[in-house]
Amino acid sequence: MTTSRDHSKGFARSGLLLLAISLACSLGGCAVVTLARGKPGMDLSPIQPGVDRQVVEIRLREPFRTSTTSKGVEYAWYLYDGGVRRSVGRALGAALLDLDMMLFELVVAMQAVNETEALRVLHHYDLVAVSYDSQGLVIGTFPGAGEYSALPDDGRPAAQKAPIAPQ
């Protein structure tokens, strides 16, 4: 014989299940869309020749490596957020996992402390080398330059080289 107490337990379980499904659905698609579209990384355009090193380090934090050339130019290498690379294959894989109980979204969410951090696990990080003169002002930037890349002694990227005066 079913009592009203049994019905209320059933409703409570149904309510919890509905709450869990609603929570999973609210997370749904976030990582899939981000992977399918991609997401731009940090904008490095404010780091221009003449900018003070302190301004650069407020934006990029401390460099993980520095070196000085024979001409007195200091290079500093920074790791920065390169965004989320567009990947249709990863998006399809995430979508398939989402169909199976929102597994991908829940894994991403559990690795994060908050919503902002949730998609950070999908990001890639890039290197940028910045050259400084003796006053600590930017001479040039070299996105994608690894710590063992061959960089010019004068610190100027090829596009910033001073033109040769006509004779």
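All of the numbers you see were taken from the coordinates with simple rules; none came from a lab. Here the structure is a predicted model, which is why all the values come from computation and not from measurement. So basically every Cβ, Gly included, is an ideal-geometry build from the backbone, and we count neighbours across all protein chains shown.
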Karplus ³J(HN,Hα) for the stretch 39-51 (6.51 cos²θ - 1.76 cosθ + 1.60, θ = phi - 60°; Hz, whole; x = Gly/Pro) runs 8, x, x, 5, 7, 8, 4, x, 8, 10, x, x, 6
Under 11 Å from a label point 7 Å along Cα→Cβ of Val55: give me every residue in the stretch 123-153 with its amide N that close. 137-138
